[in-house]
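Down below is the structure, laid out as structure tokens.
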Amino acid sequence: MHTLYLIVPLAPLAGALIAGLLGWLIGRRASHVVTIAGMVVSVVASFLVFRDVLAGNTFNGPLYTWITSGDITLQLGFLIDKLSATMMLVVTFVSLMVHVYTIGYMADDPGYQRFFSYISLFTFSMLMLVMSNNFLQLFFGWEAVGLVSYLLIGFWYTRPPAIYANLKAFMVNRVGDLGFLLGIALILVYFGTLDYAKVFAKAPELAHATVGVAFTDWSLITTICILLFIGAMGKSAQFPLHVWLPDSMEGPTPISALIHAATMVTAGIFMVARMSHLFEMSEAALSFVMVIGAITALFMALVAIVQTDIKRVVAYSTLSQLGYMTVALGASAYAAGMFHLVTHAFFKALLFLGAGSVIIAMHHEQDMRKMGGLRKYMPITYATMMVGALASAGVPGFSGFFSKDAIIEAVQLSHLPGSGFAYFCVLSCVFVTAFYTFRLIFMTFHGAERFTAHEDPHGHGHEHGHAPNESPAVVTGPLIVLAIPSLCIGWWIGPVLFGGYFGDAIVVGEAHDVLGEMGKEFHGVVAMMLHALGTLPFWLSIAGIASAAFLYLKRTDLPEKLRVAFGPLTTLLDNKYYFDRFNDWFFAGGARLLGRGLWKGGDVAVIDGVFVNGSARLVGWFATIARKLQSGLIYHYAFTMIIGLFVLLTLWFARS
């Protein structure tokens, strides 16, 4: 089995290297064949590993010793249990669908081979992250996915918005990664090891240890957990480090599905679940996680209501759903958070790829105000996106319903500080999510056809060359495949949440065991759906769908009137709470101001003006004086000697 573990990440890496280094030689077709073949091998190997883990076989051991220094040994190794095996299967399967979809979406792009190389390299990095058994390898995978995401977001590097977006993603993630690195450094200093198992085993001994922070003593475990979570806030785009994700839509649509739905943004969620042994020892850290997730869930969902770019609606939806997962982690419902990670990976990848199919049909138009009536032209895309929308809205029977309903109930049962606020946020978010999701569906696929003729920004009307038509099979095929788990994977909620599925991979303290309480009332999937019909979340979801139908199908004149009526609120949401402006003014502007001050005041005035040019002027002044004394005339020297002798005699007699 050890060979099989290696095959999972190395197969995508081999495809990435061949397509990246030899793509110019082997051509476009061979590049996608070799990378997709690598992904097929990885999916099959992941499935075999998953099946072996279900049979009770786990693995935790080193692969390679990198450095040994004193008592510290830094190694690369794998930890294969149900948590990592589940992530491996999700990552490889969604990545395979994205690889196939890319054949159609990027067919005419000159960077075809480079793109396939990048997405395979990204998959390798993500697999190394989820399979790691130590913090060193975790950090390697963490930084590698950040680097490749930078390359993918800025894939169209001739577009200034794409370059701005990838720089923004890179810089914001550096902020989070600083906290992450500090957390790992504290672990190394106090635990003397970076191996997960050894850290978790030693943690109870350091439960009451403190560390000095800002002239006060903080709990060591709390400090480590918060620092690690700051890293998760960057990667998983949590408030206030969420600003990079919407702009990253400048990358090609397959990237949106791969990075921003199923893999990279879920790295932080996976990491916190893996660190449950530590987080369970700090209620302060759990409350911090829960409140941050609640703010992200509700406030990002509200921004999605006013978006008109089809990809940005799905992007803000991703932010909101990541908030749900984070709230679950804070409530100690780690299994519910991971379950929502899995269900979300499928239905959000489906929505992103469906949006890409629409963009192809609309000749790369992304404004939903210029769409409408597409369902008769794109029946497969419409049907599959409807499945994704129903799952996202939490309609009973679809995957999203089970995981979201479990999170809401878990937060309601939590007694941690901040749980009341979190419950309000996730409950309110049910209505908002259903509303913006079906707003997207109705504006895109229903109503009048607004794509036949519209004006460009210069006021000139124009028409598309031909009516939209359904995307090719390489695009719709992955949509159909993703629609199946988006519909039915939630039916496995019983064994995953209440059957001890994750085993020892996730630890929950007895005082925080909200899922244990929920399990006493769980009587099967059908009973859960029937019970939901009488609960507030169900009716909020129905109300959201009905409101979207009323506003965007029946009274299409009202949305604009409401925008005017709620002018200040609309402006606030349009400007995304002014976070970008604040960051540009405070951080970017402050950095420029500091740089200008260091340049003008430090470099020009002090270094050049005082030390370099000042010392030169001082030497020149002394040289000028010395030159007057060294005239070469004997009477000047004689006069100087007389004056000197006079001064010496005066000093002598004055002393006497």
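The values are calculated or read from the model by the stated rules, or taken from the named source; none is laboratory data. Being a predicted model, the structure only gives us computed values, none of them experimental. Neighbour counts run over all protein chains shown; Cβ positions are idealised from the backbone, glycine included. What goes into the accessible areas is simple: the full protein's heavy atoms, side chains included, and nothing from ligands, DNA or RNA. Shrake-Rupley method; radii C 1.70, N 1.55, O 1.52, S 1.80 Å.
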field: Residue count for the range 511-531, restricted to those that are surrounded by 15 or more Cβ atoms within 10 Å (Cβ to Cβ), hydrophobic (A, V, I, L, M, F, W, C) and over 31 Å from the mean Cα position of the chain (by Cα)
entry: 4
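For every residue, the table says whether it meets (1) closer than 28 Å to VAL327 by Cβ; (2) in a helix (DSSP H, G or I); (3) at pLDDT below 90.
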| site | (1), (2), (3) |
| --- | --- |
| TYR190 | no, yes, no |
| VAL199 | yes, yes, no |
| TRP218 | yes, no, yes |
| THR222 | yes, yes, no |
| LEU227 | yes, yes, no |
- prompt: Where residues in the range 563-610 are open to solvent by 80 Å² or more (accessible area, probe 1.4 Å) and over 34 Å from the mean Cα position of the chain (by Cα), which of them is farthest from VAL175 (Cα to Cα)?
  reply: VAL610
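Please enumerate the residues belonging to the range 164-188 that are over 14 Å from ALA232 (Cβ atoms) and modelled with pLDDT of 90 or more.
Pass one, the range 164-188, residues over 14 Å from ALA232 (Cβ atoms): 164-171, 174, 185-188.
Those that are over 14 Å from ALA232 (Cβ atoms) and modelled with pLDDT of 90 or more: ALA185, LEU186, ILE187, LEU188.
If the requirement is being at pLDDT 90 or above and either assigned to a helix (DSSP H, G or I) or over 24 Å from the mean Cα position of the chain (by Cα) (or both), which of these qualifies: PRO468, PRO478, PRO417, PRO457?
Details: PRO468 fails: at pLDDT 90 or above; PRO478 fails: at pLDDT 90 or above; PRO457 fails: at pLDDT 90 or above.
Matching residue, one of PRO468, PRO478, PRO417, PRO457: PRO417.
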field: Residues located in the range 69-88, provided they are in contact (Cβ under 8 Å) with a residue 40 or more places away in the chain, closer than 17 Å to VAL43 by Cα and either part of a helix (DSSP H, G or I) or open to solvent by 10 Å² or more (accessible area, probe 1.4 Å) (or both)
entry: ASP81, LYS82, LEU83, SER84, THR86, MET87, MET88
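Would you be able to say whether some residue in the range 265-284 is open to solvent by less than 10 Å² (accessible area, probe 1.4 Å) and more than 29 Å from ILE407 (Cβ to Cβ)? Give the derivation first.
Filtering the range 265-284 for residues open to solvent by less than 10 Å² (accessible area, probe 1.4 Å) gives 265-276, 278-279, 282.
Going one step further and asking which of them are more than 29 Å from ILE407 (Cβ to Cβ), we end up with none.
Taking every residue of the range 265-284 in turn, none turns out to be open to solvent by less than 10 Å² (accessible area, probe 1.4 Å) and more than 29 Å from ILE407 (Cβ to Cβ).
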- line: The number of residues in the range 154-178 that are within 17 Å of the chain's Cα centre (by Cα), among the hydrophobic types (A, V, I, L, M, F, W, C) and open to solvent by 10 Å² or more (accessible area, probe 1.4 Å) is 6
task: Find all pairs meeting these conditions: Cβ atoms under 9 angstrom apart; at least six residues apart or on different chains; first residue within the range 242-253 and over 10 Å from ASP580 (Cβ atoms) and part of a loop (DSSP other than H, G, I, E, B); second residue open to solvent by less than 10 Å² (accessible area, probe 1.4 Å) and among the aromatic types (Phe, Trp, Tyr).
output: GLY251/PHE155; PRO252/PHE115; PRO252/PHE155
statement: Considering only helices (runs of 4 or more DSSP H) wholly within the range 515-604, the ones with at least 3 residues that are out of contact with any Asp or Glu (no Cβ under 8 Å at 6 or more places or on another chain) and closer than 23 Å to ALA389 by Cα are 525-532, 536-549
- prompt: Does any residue in the range 506-530 that is at pLDDT 85 or above come within less than 9 Å, Cβ to Cβ, of a residue that is surrounded by fewer than 11 Cβ atoms within 10 Å (Cβ to Cβ) and part of a helix (DSSP H, G or I) six or more places away or on a different chain, and which pairs are these?
  reply: GLY516/GLU510
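Within the group LEU129, LEU151, LEU138, which residue is among the aliphatic types (A, V, I, L, M) and either open to solvent by 10 Å² or more (accessible area, probe 1.4 Å) or not in a helix (DSSP H, G or I) (or both)?
Details: LEU129 fails: either open to solvent by 10 Å² or more (accessible area, probe 1.4 Å) or not in a helix (DSSP H, G or I) (or both); LEU138 fails: either open to solvent by 10 Å² or more (accessible area, probe 1.4 Å) or not in a helix (DSSP H, G or I) (or both).
After ruling out the rest, the residue left standing is LEU151.
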- request: Specify which of the listed residues (LYS554, LYS561, LYS520) is more than 30 Å from ILE359 (Cα to Cα) and among the basic types (Lys, Arg).
  value: LYS520
task: Evaluate the following for ALA144: is it modelled with pLDDT under 90 and at negative phi?
output: no
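Considering each of LYS576, LYS600 in turn, give the residue that is under 30 Å from TYR164 (Cα atoms) and in contact (Cβ under 8 Å) with a residue 24 or more places away in the chain.
Values: LYS600 fails: in contact (Cβ under 8 Å) with a residue 24 or more places away in the chain.
Just a single option satisfies the conditions, and that option is LYS576.
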message: Every residue in the range 386-401 that is under 22 Å from PHE424 (Cβ atoms) and assigned to a helix (DSSP H, G or I), please.
response: SER392, ALA393, GLY400, PHE401
statement: Expected single match for more than 29 Å from the chain's Cα centre (by Cα) and not basic (Lys, Arg) among THR58, THR65, THR35 is THR65
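Within the range 28-55, take every residue that is without any contact (Cβ under 8 Å) to a residue 12 or more places away in the chain and assigned to a helix (DSSP H, G or I) and give me the one that is farthest from PHE116 (Cα to Cα). Don't jump to the end; show me each part of the working.
Within the range 28-55, the first condition is being without any contact (Cβ under 8 Å) to a residue 12 or more places away in the chain, and the residues that meet it are 29-30, 33, 44, 51, 55.
Next cut, assigned to a helix (DSSP H, G or I) only: 29-30, 33, 44, 51.
Values: ARG29: 11, ALA30: 11, VAL33: 10, VAL44: 20, ARG51: 29 Å.
The qualifying residue farthest from PHE116 (Cα to Cα) is ARG51.
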- request: Report yes if LYS202 is exposed (fewer than 14 other Cβ atoms within 10 Å of the Cβ), farther than 20 Å from ALA284 by Cβ and among the basic types (Lys, Arg), otherwise no.
  value: no
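With respect to TYR423, determine if the residue is open to solvent by 10 Å² or more (accessible area, probe 1.4 Å) and in contact with a Phe, Trp or Tyr (Cβ under 8 Å, 6 or more places away or on another chain).
On the way: open to solvent by 10 Å² or more (accessible area, probe 1.4 Å): yes; in contact with a Phe, Trp or Tyr (Cβ under 8 Å, 6 or more places away or on another chain): no.
No: the conditions fail for TYR423.
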- prompt: Can you spot a residue in the range 229-250 that is surrounded by fewer than 21 Cβ atoms within 10 Å (Cβ to Cβ) and either out of contact with any helix residue (DSSP H, G or I) (no Cβ under 9 Å at 6 or more places or on another chain) or over 30 Å from VAL98 (Cα atoms) (or both)?
  reply: no
message: Please verify whether VAL8 is buried (at least 24 other Cβ atoms within 10 Å of the Cβ) and at pLDDT 90 or above, treating the condition exactly as stated.
response: yes
